[in-house]
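Have a look at the structure below, then the notes.
The values are calculated or read from the model by the stated rules, or taken from the named source; none is laboratory data. Computed from a predicted structure; not experimentally measured. Quick reminder, even Gly has a Cβ in these numbers, built from the backbone with ideal geometry, and neighbours come from all protein chains shown.
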Amino acid sequence: MKRFVAFLLILIVSSLTGIVSGASAKDMTVQVNETQLRAMPAYYGAVVSTVNYADRLRVIEQKGSWVKAVSLRTNAQGWVHISALTSKRLAPKAGAGSAPTSVSTGELSAAEKGFTEQIERDYRRKNRSIDFTWVDRMEQITVTPQQSMSFLSEGGLRPAEGGVQ
């Protein structure tokens, strides 16, 4: 009887382990206009491919706030920041271009910080004496992953894998 119970217990644990490990891969949807799959989990990682709003990705690994995923549309594989994804299934409106119904990465980042375009407009209206010239100029600056890597290299810095979280 003890052998039977032990065998049954092993069988149950084995089947549960199989169920749990099979559930580890999950699909997520891109919730920004477009974002990049990168060669490493960092914003300065080389761009492997671009994915668009409503594209489905199969998550195969996660490191902090970065996930390694495969595009179900193109089979491209790379790392993407979790803020660009949602577990909801999204679909662009019929007849729409690339995806005008989505938000940009910048808008998403601002929203996460609680600062939307509407809040900025209201703040500017209430604080007309403040000069936003340099803020506006800084918002126009773009830095490529290559420029970031060059900056780090010239400074003798070697980021840990995963880079910027």
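A few points about this structure:
- For SER49, the stated conditions do not hold, so it cannot be described as under 27 Å from SER150 (Cα atoms), outside any strand (DSSP E or B) and either at pLDDT 95 or above or not basic (Lys, Arg) (or both).
- Residue list for region 73-116, filter: farther than 16 Å from ASN33 by Cα, surrounded by 12 or more Cβ atoms within 10 Å (Cβ to Cβ) and at pLDDT below 90: PHE115, THR116
- Output for region 61-71, where each listed residue is closer than 15 Å to THR35 by Cβ and either touching a Lys or Arg at 6+ places or on another chain (Cβ under 7 Å) or acidic (Asp, Glu) (or both): ALA69, VAL70
- Residue ID - surrounded by the most Cβ atoms within 10 Å (Cβ to Cβ), chosen from residues in region 12-41 that are outside any strand (DSSP E or B) and at pLDDT 90 or above: PRO41
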